[in-house]
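Asks: Quick one: the structure is below, questions incoming.
The values are calculated or read from the model by the stated rules, or taken from the named source; none is laboratory data. The structure displayed is predicted, hence computed values, not measured ones. With ideal geometry, Cβ positions are generated from the backbone for all residues, glycine too; neighbour counts draw on all protein chains shown. To get the accessible areas, we keep the full protein, side chains included, count just its heavy atoms, and leave off ligands, DNA and RNA. Shrake-Rupley method; radii C 1.70, N 1.55, O 1.52, S 1.80 Å.
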Amino acid sequence: MLESLRAVQEKAGAQFDDQGIPLSFGQDVAALAAVEAGVAVCDRSHWGLLQVSDEDRLRFLHNQSTNDFQRLKPGEGCETVFVTSTARTIDLATAYATEAAVLLLTSPGQDERLMSWMDRYIFFADKVKLKNLTAETAVFSLLGLESGPLLSRLGEISLPESLHSHTLATFGQAEVRVAAGSGLTSPGFTLLVAAEQAADLWTALIETGAVAAGDTVWNQLRVQQGRPVPGAELTEDYNPLEAGLWQTLSFEKGCYIGQETIARLNTYKGVKQQLWGLKLQGEAAPGTPITLGDDKVGLLTSVVETAAGTLGLGYIRTKAGGAGLAVRVGDADATVVDLPFLSRGYLAES
């Protein structure tokens with residue numbers, strides 16, 4: 001259903017991977033500059049979008065993931081993590097509560113996995129319905145300080161202010177759900193629109209001044225800022241506290257899948273490793289050991305090349321140290337740095 005959008009993007013010079021995801025528009029430097037001093041638009045339509053509806057939807061999601069859904073009112077949202085019974089990470093999702101449903105924006109390729117996971121826990125008396133909206137919805141993120149003014153130029157809108165809050169707006173013929181937050185720490189908004197209206201909205205955003213950014217730019221930004229992703233930082237080897245996702249956790253809400261393990265780790269200060277940024281002085285590939293002297297203290301999980309050099313993400317043993325620590329990643333020297341997306345709970349005070 002996104003054929004018309006892809007045609008518009010191809011005409012604008014987009015380079016696609018074999019799954020049809022736009023990797024670059026041939027202007028990565030300009031897109032990165034726009035994030036800092038203008039507005040860039042990134043197509044995230046390959047991310048998943050699930051709808052959870054019916055009377056028990058909030059209670060159900062409250063019991064399935066790490067954040068407090070019972071407090072959510074229509075127009076509000078939050079980030080939450082789905083974990084296994086032993087608190088190993090499945091996915092970091094963003095939830096948007098509407099009058100009749102909760103929309104879950106999942107990581108790429110995780111929509112069917114989460115659908116199956118949640119379906120396992122819907123019992124006969126539960127009033128919960130699941131629907132996958134991925135194929136019929138386009139998702140765009142605006143990144144940069146000028147994102148709000150750009151949307152205001154597109155049409156009349158009272159912009160949502162608190163993170164993950166959202167509202168419906170009409171731009172031209174398109175009804176668009178506009179949510180505060182870009183998906184990264186860069187200021188901006190996330191837009192949800194019906195697939196058949198995606199090409200017109202994309203065109204309007206570009207014509208109004210947004211610079212098109214592909215998935216290559218998004219990945220560089222997410223490593224620079226520290227957003228973990230499934231298959232790299234979010235796997236069954238790690239839990240949300242280790243992954244720096246304390247902002248997604250409610251320690252007061254009571255029982256949910258994985259809650260006992262997470263509560264115990266928090267109570268007894270049992271986080272043995274943490275996700276950090278790494279400034280590397282050479283090349284290294286994900287999976288490369290991180291060493292301190294003769295000791296292996298961690299593992300590199302992601303790496304990108306930037307104008308400022310090679311940057312990575314990796315897990316490092318808590319006892320080894322944190323920001324400022326000098327380590328080796330394979331044959332490359334590296335310095336451990338903190339990143340804005342990551343939060344650390346009690347660890348921030350130690």
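Asks: May I ask you to list the aspartates and glutamates whose Cα is less than 20 Å away from that of Lys319, ignoring any residue fewer than eight positions away on the same chain?
Replies: By straight Cα distance, Lys319 reaches Glu233, Asp237, Glu242, Asp294, Asp295, Asp333, Asp338, Glu349.
Asks: Using a 1.4 angstrom probe and counting only protein chains, how large is the accessible area of Tyr238 in Å², to 10?
Replies: We get 20 Å² for Tyr238.
Asks: In addition: Per residue, how many Å² of accessible area does the stretch 47-102 show with a 1.4 Å probe?
Replies: The answer is 30 Å² per residue.
Asks: If one computes P(r) from the Cα atoms of the stretch 89-196, what percent of pairs lie at distances over 21 Å?
Replies: Here the long-distance tail beyond 21 Å is 41 percent of all Cα pairs in the stretch 89-196.
Asks: Rounded to the nearest 0.05, what FRET efficiency do Glu55 and Thr86 have when you use their Cβ-Cβ distance and R0 = 51 Å?
Replies: 0.95
Asks: Okay, next question. Let me make sure I get this right: for the stretch 18-61, a, b and c are the square roots of the gyration tensor eigenvalues over alpha carbons, sorted descending. Under 1.5 in a/c it's rounded, otherwise prolate if a/b > b/c, else oblate. Which is it? Spell out each step's value before the answer.
Replies: Details: a/c = 6.02, a/b = 2.21, b/c = 2.73.
Oblate shape, in that a/c is at least 1.5 and b/c is the bigger or equal ratio.
Asks: Would you mind working out the accessible area per residue for the stretch 249-350, using a 1.4 Å probe, and quoting it in Å²?
Replies: Per-residue value: 52 Å².
Asks: Any chance you could run the full-extension gain for Thr167 through Ala307? It's 0.36 nm times the residue separation minus the Cα-Cα distance, nm to one decimal.
Replies: 46.7 nm
Asks: Which is farthest toward the positive dipole end of the chain among Val176, Asn266, Leu241, measuring Cα position about the Cα centre, with Cβ charges +1 (Lys, Arg) and -1 (Asp, Glu)?
Replies: Projecting each Cα onto the dipole axis, the largest value belongs to Asn266.
Asks: Mind checking which lysines have their Cα closer than 26 Å to the Cα of Lys73? Skip sequence neighbours fewer than 8 apart in that chain.
Replies: Partners found: Lys127, Lys129, Lys131, Lys253.
Asks: While we're on this one: Please tell me the relative contact order of the stretch 1-75 in percent, rounded to the nearest whole number, where contacts are Cα pairs under 8 Å and at least six residues apart.
Replies: Contact order relative to length: 14 percent.
Asks: Also, I was wondering about something else. Please label the shape of the stretch 192-301 as rounded, prolate or oblate, based on the square roots a ≥ b ≥ c of the eigenvalues of the alpha-carbon gyration tensor (a/c under 1.5 means rounded; beyond that, a/b larger than b/c means prolate, else oblate).
Replies: oblate
Asks: Pop out the carbon and sulfur fraction of the accessible area of the chain as a percent, whole number, probe 1.4 Å.
Replies: For the chain, the apolar C and S fraction of the accessible surface comes to 50 percent.
Asks: Report D for the stretch 36-111 in µm² per second (integer): Stokes-Einstein, Kirkwood Rh on Cα pairs, 4 °C, 1.567 mPa s.
Replies: Stokes-Einstein gives a translational diffusion coefficient of 97 µm²/s.
Asks: To the nearest 500 deg cm²/dmol, what mean residue ellipticity at 222 nm is calculated for the chain from DSSP H runs of n ≥ 4 alone, each contributing -39,500 (n - 2.57), summed and divided by the residues? All intermediate terms of the calculation are to be shown ahead of the outcome.
Replies: Working: 8 runs with 74 residues, N = 350.
It comes out at -6000 deg cm²/dmol, rounded to the nearest 500.
Asks: Now, a different point. Measuring from label point to label point, each 7 Å out along Cα→Cβ, what is the Glu99 to Lys279 span in nm?
Replies: Taking the two extended label points, one gets 5.2 nm.
Asks: Additional query: Kindly give Rg over Rh for the stretch 125-282, based on alpha-carbon atoms, with the Kirkwood expression for the hydrodynamic radius.
Replies: In the stretch 125-282, Rg relative to Rh is 1.03.
Asks: Relative contact order (percent) for the chain, with alpha-carbon contacts under 8 angstrom and 6 or more residues of separation?
Replies: 19 percent
Asks: While we're looking at this one, here's another question. Using +1 at the Cβ of each Lys and Arg and -1 at the Cβ of each Asp and Glu in the chain, identify which of Val8, Leu192, Ser302 lies farthest towards the dipole's positive end.
Replies: Value: Ser302.
Asks: Per residue, what volume in Å³ does the Cα convex hull of the stretch 60-148 take up?
Replies: Working: hull volume 11.9 nm³, N = 89.
Measuring per residue, one finds 133 Å³ for the Cα hull of the stretch 60-148.
Asks: Give me the three principal axis extents of the stretch 175-240 from the C-alpha atoms, as integers in angstrom, largest value leading.
Replies: For the stretch 175-240, the Cα spread along each principal axis is 43, 22, 19 Å.
Asks: A follow-up question, please. Can you compute the label reach from Lys11? Point 7 Å from Cα along the Cβ direction, backbone N cut-off under 17 Å, restricted to the stretch 174-205.
Replies: 196-205
Asks: Tell me, what is the per residue accessible area of the stretch 118-247 in Å², probe radius 1.4 Å?
Replies: Normalised by residue count, the accessible surface of the stretch 118-247 is 41 Å².
Asks: Related question: Go ahead and collect, in residue order, the members of the stretch 129-159 whose backbone nitrogen is under 17 Å from a label point 7 Å along the Cα-Cβ direction of Ser4.
Replies: Residues passing the 17 Å test: 135-140.
Asks: Compare Lys296, Lys253 by solvent-accessible area with a 1.4 Å probe and give them largest first, with all protein chains kept in place.
Replies: Result of the area sort, largest leading: Lys296, Lys253.
Asks: At q = 0.13, 0.15, 0.17, 0.22 Å⁻¹, what log₁₀ I(q)/I(0) does a Debye calculation on the Cα points of the stretch 1-143 give, no solvent, two decimals?
Replies: Debye curve over Cα of the stretch 1-143, log10 I(q)/I(0) at q = 0.13, 0.15, 0.17, 0.22 Å⁻¹: -0.67, -0.83, -0.98, -1.31.
Asks: Just need the relative contact order of the stretch 94-209 here, percent rounded to a whole number, with Cα pairs under 8 Å and 6+ apart.
Replies: 24 percent
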